[in-house]
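No lab work stands behind these numbers, since they all come straight from the coordinates. Bear in mind that the values here come from a model prediction, so they are computed numbers and not experimental data. Please note: Cβ atoms are built from the backbone with ideal geometry, for glycine as well, and neighbour counts cover all protein chains shown.
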Amino acid sequence: MTEKHVLAVLLLDETGSMQSIKQKTISSINEYVEGLLPHGKQCHLTLVKFNSAGTNFLCNDVPVKDVPKLTEKNYLPSHNTPLLDAVAKTIKETDEKIRTSKLKPDVLFIVLTDGEENDSREYNQKQVSDLIITKEKDGWTMVYLGANQDSWTSAHALGYGNRGTVANFKATPEGITEVMATNYAATNRYFHRRTIYGSSEAGITGAAFADTNFMAAAPNTAESLDKDIAEFKARLKVKEEKKDGK
């Protein structure tokens with residue numbers, strides 16, 4: 001079976017409330033992207049930031065090795081949270097990218113935000129909900145990682161139909177690390193399921209983001225996911241200590 005490519009889309013909150021976890025967000029996102037490197041040519045990535053100043057694509061459908069790192073110069077939290085506008089614009093841009101792509105990839109669409117909608121001007125909740133429902137029917141795996149809110153209620157209102165792809169996290173350095181470590185483990189599981197079942201059955205299902213009680217795709221899957229989470233945190237710690245000169 002020839003596997004389709006995957007386009008992982010990461011829509012990242014760059015609003016003012018992210019300032020308190022800016023450093024750990026930068027390092028955790030960079031570690032997540034680096035963790036995708038073993039998937040090689042099978043995986044491309046789109047990295048998007050958003051706040052009320054605009055929706056900014058740092059890269060769009062590029063090989064993981066070509067994704068620019070987040071830095072203190074290109075990640076500058078400020079302004080409000082036009083979540084609806086950002087989600088809609090990113091979905092539509094991704095749709096257009098796929099339409100013109102020869103690869104016709106499967107899509108893993110991840111939203112990470114520490115706040116609820118408060119500043120959209122172009123799209124309303126029903127429009128975005130309709131888009132998300134359509135994309136889930138099209139086979140996109142839609143993930144919502146939220147802090148300072150009831151993420152399931154927020155995601156459900158936006159049209160997300162799979163509780164297993166929604167997670168709460170605390171807007172603290174430890175919280176952003178934990179949710180990105182879990183997201184990394186779940187993404188590895190996504191690729192693993194594609195290898196076993198093919199892309200049509202590869203969606204992250206069940207309690208994938210709620211805890212480590214993942215539905216087993218192979219023997220010892222839960223243990224391997226715990227291992228992925230621990231290794232993510234360990235690698236991140238080593239790099240941060242090296243940067244700090246410890």
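A few remarks follow.
- Overall size of the chain from C-alpha positions, given as principal axis extents largest first: 48, 46, 33 Å.
- Calculated FRET value between residue 37 and residue 124, using beta carbons and R₀ = 41 Å, to 0.05: 0.60
- Here region 1-140 is treated as an ellipsoid with the same Cα gyration tensor; its semi-axes, largest first and in whole Å, are 24, 21, 11.
- Built from the Cα atoms of region 74-156, the convex hull projects on average onto 6.3 nm², one quarter of its surface area.
- Among the trypsin sites (Lys or Arg not before Pro) in region 1-48, none sits in a DSSP loop with a Cβ that has at most 12 other Cβ atoms within 10 Å.
- Range in the chain, longest, excluding exposed GluC sites (Glu not before Pro) [loop by DSSP; at most 14 other beta-carbon atoms within 10 Å]: 123-246
- Exposure proxy ranking for 59, 43, based on other Cβ atoms within 10 angstrom of each Cβ and starting from the fewest, stands as 59, 43.
- Label separation (residue 78 vs residue 65): 3.6 nm, computed from points 7 Å beyond Cα along the C-beta direction.
- The calculated FRET efficiency for residue 153 paired with residue 227, based on their beta-carbon distance and R0 = 25 Å, is about 0.20.
- Between residue 241 and residue 192, the contour length at 0.36 nm per residue exceeds the Cα-Cα span by 14.5 nm.
- Counting 0.36 nm for each residue step from residue 134 to residue 53 and taking away their Cα separation leaves a gain of 26.4 nm.
- Based on every Cα atom in region 1-62, Rg and the maximum pairwise Cα distance Dmax equal 13.6, 46 Å.
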